[in-house]
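Let me begin by presenting the structure, written as structure tokens, before commenting on it.
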């Protein structure tokens, strides 16, 4: 699935207000099993079936974070005032950078 198709599917799940990070297009095509691994996880996030990370630095905002596949891509979904605003894909370096920036510790992902 190409990046534009994936963006459209994510907009169907989360709404048109969703924003994507600059690197999204680069990593979108590399996700294996996008329907079962990634989009299904996004649907569960939308339905409040996935537990969010506690993020005190975000002052009430919510973060969901997941590694995708065996390579070091990730997704971060940011919710502000109950509305999903951002979806990020990146490599392991970007994943680590965001985790530090958000004050997330530990190696486990949800």
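The values are calculated or read from the model by the stated rules, or taken from the named source; none is laboratory data. Source: prediction; values computed, not measured. Cβ atoms come from the backbone with ideal geometry, glycine included; neighbour counts cover every protein chain shown.
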> Is it true that some residue in the range 37-49 is in contact with a helix residue (DSSP H, G or I) (Cβ under 9 Å, 6 or more places away or on another chain), touching a residue at least 24 places away in the same chain (Cβ under 8 Å) and in a loop (DSSP other than H, G, I, E, B)?
Replying inline: no
> For residue 19, are the conditions met, namely being surrounded by 17 or more Cβ atoms within 10 Å (Cβ to Cβ), in contact with a strand residue (DSSP E or B) (Cβ under 9 Å, 6 or more places away or on another chain), modelled with pLDDT of 80 or more and within 22 Å of residue 93 (Cβ to Cβ)?
Replying inline: no
> Being over 23 Å from residue 100 (Cβ atoms), surrounded by 13 or more Cβ atoms within 10 Å (Cβ to Cβ) and modelled with pLDDT of 80 or more, is that true of even one residue in the range 44-57?
Replying inline: yes
>> Considering only residues that are out of contact with any helix residue (DSSP H, G or I) (no Cβ under 9 Å at 6 or more places or on another chain) and in contact (Cβ under 8 Å) with a residue 24 or more places away in the chain, which ones fall in the range 2-16?
In response: 15
> Taking the range 65-87 only, how many residues are modelled with pLDDT of 80 or more and buried (at least 21 other Cβ atoms within 10 Å of the Cβ)?
Replying inline: 2
